[in-house]
Amino acid sequence: MSVDLPTGISRTTHPMPGVLIETEACTGLVLDQGAHVLRWAPSGQSEVLFTSDCAVFTPGKAIRGGIPVCWPWFDSGKEGQAPIRHGFARTADWRLVDASVTDGVATIAYELTGSDVDTHGFPTDVVARLEAEFGAELVVRLIVTAGAEAVEFEEALHTYLAVDDISKVRIEGLDGDDYLDTIGEPTQGTQVGEITFDGELDRVYSTGAQAVLTDDQRTITVGKHNSATTVVWNPGEELAATMRDLGADQARLFCCIETANAKEHAVTLQPGQRHAMVATYRVG
């Protein structure tokens with residue numbers, strides 16, 4: 001299906017096929033592969049989303065940066081036995097189904113069904129839809145509609161936020177929330193005060209609260225709806241050095257705050273039911 005593109009939204013092939021957003025309110029970029037929001041910068045701001053200088057833009061390969069869509073599994077799955085890490089959605093080719101600009105806000109929509117990709121045993125009649133509104137704020141919705149059978153899935157918007165220096169980052173809003181620390185042998189903990197970084201950090205928080213990231217340059221608020229999990233991650237220099245699409249020097253330039261429903265917060269839908277998880281990003 002061909003979609004008519006209004007002024008402010010255009011097709012691009014760089015760094016991969018996708019749509020480019022250029023309006024008075026912001027600039028942005030979404031790739032067809034993974035319905036992957038790669039860039040967003042409100043007018044007068046630098047890029048809010050980080051992309052690694054070593055990111056690989058090859059069909060079928062995961063992209064290190066932006067907002068990868070993890071679905072229908074997060075990491076290795078709720079039971080640790082998922083057939084493909086972080087699910088098939090992030091490397092599948094999604095179909096652009098809608099594009100519009102209203103009052104300066106550019107909205108795009110992509111869909112993915114079982115007929116588009118190898119689902120690795122996941123029901124093929126489940127439909128995933130990614131909607132993104134680009135303006136002074138960025139709003140991303142992952143909408144899943146069940147098919148003829150009940151279905152359970154995990155999901156995450158694996159957002160890489162650009163920062164000046166991870167050692168100066170503070171995250172507020174999760175004080176008092178329980179988390180699973182996944183470094184080494186998983187351990188349970190409860191957040192006390194703000195989150196700061198001194199090396200690798202990988203925690204899965206059970207919370208529906210928004211998170212507020214502050215560094216020396218700006219404040220980024222990550223709000224959410226219908227999300228019971230927040231993942232906070234930075235690999236630290238040592239681990240990043242072993243990652244071919246990242247590198248030690250890149251680790252200090254981003255922080256992942258992921259809007260999710262994972263592990264014990266996996267979503268169950270009855271036949272025909274619909275679930276929409278929403279993340280909202282604001283600068284300032």
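Highest mobility in the GNM of the chain, judged by mean-square fluctuation with C-alpha springs under 10 Å and restricted to Pro271, Pro72, Pro186, is found for Pro186. Rounded to whole numbers, the Karplus 3J(HN,Hα) couplings from phi for the stretch 38-43 are 9, 9, 7, 9, x, 3 Hz, using 6.51 cos²θ - 1.76 cosθ + 1.60 with θ = phi - 60°, and x at Gly and Pro. Rolled with a 1.4 Å probe across the full set of protein chains, the surface gives Phe57 an accessible area near 70 Å². Taken over the Cα atoms of the stretch 179-284, the convex hull encloses 141 Å³ per residue. Here the sum of -39500 (n - 2.57) over DSSP H runs of 4 or more residues, divided by the residues of the chain, equals -500 deg cm²/dmol at 222 nm, to the nearest 500. Computed from the alpha carbon atoms alone, the convex hull of the stretch 62-137 holds 104 Å³ per residue. Here the Gaussian network model covers the chain, with springs between Cα atoms less than 10 Å apart; of Val69, Val232, Val192, Val192 fluctuates the most.
In terms of its C-alpha gyration tensor, the stretch 153-241 comes out rounded, because the ratio a/c of the largest to the smallest axis stays below 1.5. Taking only the C-alpha atoms of the stretch 1-132, the Rg (one decimal) and the largest Cα-Cα distance, Dmax (whole number), read 15.3, 46 Å. Near Asp98, the amide H atoms lying under 5 Å from its own belong to Ala109; only residues 5 or more places off or on other chains count, and H is placed 1.01 Å from N.
Accessible surface comparison of Thr23, Thr207, probe 1.4 Å, protein chains only, largest first: the order is Thr23, Thr207. Restricting the stretch 68-132 to GluC sites (Glu not before Pro) that sit in a DSSP loop and have at most 16 other Cβ atoms within 10 Å of their own Cβ leaves Glu79.
Accessible area of Glu22 (1.4 Å probe, protein heavy atoms only, ligands and nucleic acids ignored): about 110 Å². Take the chain with all the other protein chains still there, run a 1.4 Å probe, and you get 43 Å² of accessible area per residue.
For Ala92, the residues whose modelled amide H falls within less than 5 Å of its own, excluding neighbours fewer than 5 places apart on the same chain, are Gly34. A cut-off of 5 Å between modelled amide H atoms, ignoring neighbours fewer than 5 places along the same chain, links His86 with Asp75, Ser76, Gly77.
Across the stretch 1-120, Cα pairs under 8 Å and at least six residues apart give a relative contact order of 23 percent. With a Förster radius of 45 Å applied to the beta-carbon distance between Gln270 and Asp249, the computed FRET efficiency rounds to 0.40. Which log10 I(q)/I(0) values does the chain give at q = 0.12, 0.15 Å⁻¹ under the Debye formula, counting every alpha carbon as one identical point scatterer? Log10 I(q)/I(0), no solvent term: -0.72, -1.18. Here the simple spin-label model places points 7 Å from the Cα toward Cβ, and for Asp164 and Gln217 these points are separated by 0.8 nm. Here the Karplus relation 6.51 cos²θ - 1.76 cosθ + 1.60, evaluated at θ = phi - 60°, turns the backbone of the stretch 228-236 into coupling constants of 10, 9, 10, 9, 10, 8, 8, x, x Hz, with x for every Gly and Pro.
The values are calculated or read from the model by the stated rules, or taken from the named source; none is laboratory data. Everything quoted here is computed from the prediction, not taken from an experiment. As a convention, Cβ positions derive from the backbone with ideal geometry for all residues, glycine included, and neighbour counts pool all protein chains shown. We work out accessible area using only protein heavy atoms, side chains counted, and drop any ligands, DNA or RNA first. Shrake-Rupley method; radii C 1.70, N 1.55, O 1.52, S 1.80 Å.
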